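Chemist: Quick one: this structure, given as structure tokens, is what I'll be asking you about.
Quick note: the coordinates plus some simple rules give every number you see, no bench work behind them. Source: prediction; values computed, not measured. For neighbour counting, all protein chains shown are included, and Cβ atoms are generated from backbone atoms with ideal geometry for every residue, glycine included.
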Ligand SMILES: *Cc1c(COP(=O)(O)O)cnc(C)c1O
């Protein structure tokens, strides 16, 4: 009989084939593209099963959900990505629970993440120094962040307007505990993925325009592409795809 874990493995093989083909078509190497398995709504047990097949990057869209799964997954070498909107009152917890916040959409949120990460660093230093010894401040690893750009005109969708991005980039350059690595975007859903190509192009062009200011190596990461459209995203230069359904199967709840 086919077990749920066999299904996961089959799905993963399929996704890797799709990545391979899209990369080949566009003259890119498949290993330039990181697969982030979007595990929202899926149990810690399923995450662990996928981890055992070799997947290391996982994405969640709610701080609380990540927190509730954390105890069962402690000790695994997972790179955790926050891919959903972060409410400012949850910024400190997000800074502690994630290795990357891919959905930074305001200077206010970035400021809170930066401060939380700094306190985290001081806390670690205190622990290492031990009781009674003088407290030495060691810089912790900065939190990787991406700026989420609004690609969907729908007012309820989050993300920065392109014209605000240079100002935000400038502000983040003064936040020592954040490492701005690139841009992320979620285009409006379209049954025909070909129709979302211009949105991916827009994100890439925005990154390239920022490089004119920041240098040719700046903002290496483009997080774009989901289960139904990641091939198009790869053709347009995506370096990280966020894939839920195509790996884990349909979600029961949203
Ligand atoms: C849920 C989600 C995904 C994954 O969506 P699928 O269509 O299941 O691949 C990717 N990105 C974000 C921001 C999401 O919220």
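Chemist: Put a dot 7 Å past each Cα toward the Cβ at residue 202 and residue 77; how far apart are the dots in nm?
Modeler: Label at residue 77, label at residue 202, 4.0 nm between them.
Chemist: Calculate the spin-label point distance for residue 250 paired with residue 43, positioning each point 7 Å from the Cα along the beta-carbon direction, and give it in nanometres.
Modeler: Label-label distance for residue 43 and residue 250, simple model: 1.9 nm.
Chemist: Now a separate question. Taking Cα pairs under 8 Å and at least six residues apart, what relative contact order does the chain come out at, in percent?
Modeler: 20 percent
Chemist: While we're looking at this one, here's another question. Taking a label point 7 Å from the Cα of residue 25 along the Cα→Cβ vector, which residues of region 212-254 have an amide N closer than 18 Å to it?
Modeler: Answer for region 212-254: 224-243, 246.
Chemist: What length, rounded to one decimal in nm, is gained on full extension from residue 56 through to residue 158, with 0.36 nm per residue of separation minus their alpha-carbon distance?
Modeler: Length gained between residue 56 and residue 158: 34.0 nm.
Chemist: Going 7 Å from the Cα of residue 65 in the Cα-to-Cβ direction, what parts of region 206-238 have a backbone nitrogen less than 17 Å from that spot?
Modeler: Backbone N within reach: 226-228.
Chemist: Extending each Cα 7 Å along its Cβ direction at residue 93 and residue 16, get the distance between those two points in nm, one decimal.
Modeler: Spacing of the two 7 Å Cα→Cβ label points: 3.5 nm.
Chemist: While we're on this one: Could you order the peptides 186-196, 240-250 from most to least packed, using the average number of other C-beta atoms within 10 Å per residue?
Modeler: 240-250, 186-196
Chemist: How would region 167-227 be classified by its alpha-carbon gyration tensor: rounded, prolate or oblate, with rounded meaning a/c under 1.5 and the a/b versus b/c comparison settling the rest?
Modeler: Here region 167-227 falls in the prolate category.
Chemist: Further, regarding this structure: Show me 103-114, 87-98 ranked by packing, highest mean number of other Cβ atoms within 10 Å first.
Modeler: Peptide ranking by packing, descending: 103-114, 87-98.
Chemist: Highest mean first, how do 168-180, 222-234 rank when packing is the count of other Cβ atoms within 10 Å averaged over residues?
Modeler: 222-234, 168-180
Chemist: Another question, then. How far, in nm, would the chain grow between residue 179 and residue 214 when pulled straight, counting 0.36 nm per residue and subtracting the alpha carbon separation?
Modeler: Extending this stretch completely gives an extra 11.2 nm.
Chemist: Add -39500 (n - 2.57) for each DSSP H run of 4 or more in the chain, then divide by its residues: what number comes out at 222 nm, to the nearest 500 deg cm²/dmol?
Modeler: Mean residue ellipticity, 222 nm, calculated: -13000 deg cm²/dmol.
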